Structures are given as C-alpha cells and as structure tokens.
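First the structure, in the form of structure tokens, and then the observations on it.
The values are calculated or read from the model by the stated rules, or taken from the named source; none is laboratory data. Please read all numbers here as calculations on a predicted model, not as lab measurements. Cβ placement follows ideal geometry from the backbone for every residue including glycine, while neighbour counts extend to all protein chains displayed.
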Amino acid sequence: MNAKIEECKTVSEAERAAAEAAIAERLGPDAQKPLSGSAGASPYSAETVVMLAAGAGERGARVAIAAVCKSHDGAGCYKGRGRWRTVYVAAPKADGDLSVCTASDRGAEEVGWSGFYVRPWTIHEAEQASRGLGGAQDAMASALAALGL
C-alpha cells in the first residue's frame, strides 16, 4: 500500500487538514475513529492517516481504499526536512478487492504506517472456506496422511 502514496495529489498542510475535516463530516457520526501512525519516532518521519467509514474497520470486512492527498509541513532549515502526511479513506464495498485483517494474517499489508492492515479478498475468502486453516490445510493433510490418519 505504500506505493499508492505517489499516486495522490500533493497539497498544503492547511488543505490537507481541511480535507480531513471535510471527510470526517461526510462520513458522519457513525464513522470510526481515524487510524494514524508514523514511520518512526523522528519528527520528520512520514505519517499516515486512514479515515474509516462505518464498518470499514472490522476484521474480514470487504473494503475499498483510496488515497486522498499528501502534504509536507516544510519544517526545518534544510531543504526536504519536515514530515510528509498522507490521508486515505477506507469504506465498505460489496465487491471490494481488499479485506481488513490483522498484522499476523497471511498476505497482510499495512496501509502506510497507520496500523491498518488489509489483504486481498481472495486470500480471506480461501481462509474462510478452509475454516481458518488457509495455507496450512495442505500441509496438515500431508502430515496426517503420512501418519496414516
């Protein structure tokens, strides 16, 4: 998901803050609290904010994610210093290609540095069909067959 950062529009810090406020208003009072995180402890570490529509933060939810914008605060006396901030929106989508998951799930990929993880819907669907065994299903069947069970 980090590759999508380059695809969004670069705006000023004020415009990004206004966009976040407008998105929060549009998502309404049922929206989940935005997830935010940075790439490190430095004041110059990139930051990611994921705005979540109602129902978009539940594990297994089928979602779509869109990069909204990114901004740079221009802090520091050296060219290029400062923090990049990127804003995404995640919303439930019946035919979405992604599924919300946890960091330990197979195929999990973090959206920026937000602590919000997604994986392809096909992986989630296969895991559900195998009753949670996922890729371990074939390995388990082979091991049991080798033992004659």
*asked:* Tell me yes or no: at least one residue of the range 26-44 is at pLDDT 90 or above, crowded, with 18+ Cβ neighbours inside 10 Å and in a loop (DSSP other than H, G, I, E, B).
replied: yes
_Please go through the range 26-59 and give me each residue that is under 25 Å from residue 83 (Cα atoms) and either of a type in the set (Lys, Arg) or free of Cβ contacts under 8 Å to residues at least 12 places away in the same chain (or both), ordered by number._
33, 40, 41, 42
*How many residues are touching a helix residue (DSSP H, G or I) at 6+ places or on another chain (Cβ under 6 Å) and of a type in the set (Asp, Glu) if we restrict to the range 25-60?*
0
*Could you say whether any residue in the range 71-85 is farther than 16 Å from residue 118 by Cβ, assigned to a strand (DSSP E or B) and either hydroxyl-bearing (Ser, Thr, Tyr) or at pLDDT 95 or above (or both)?*
yes
*asked:* Could you check the range 100-121 and list, in sequence order, the residues that are in contact with an Asp or Glu (Cβ under 8 Å, 6 or more places away or on another chain), touching a residue at least 24 places away in the same chain (Cβ under 8 Å) and in a strand (DSSP E or B)?
replied: 100, 118
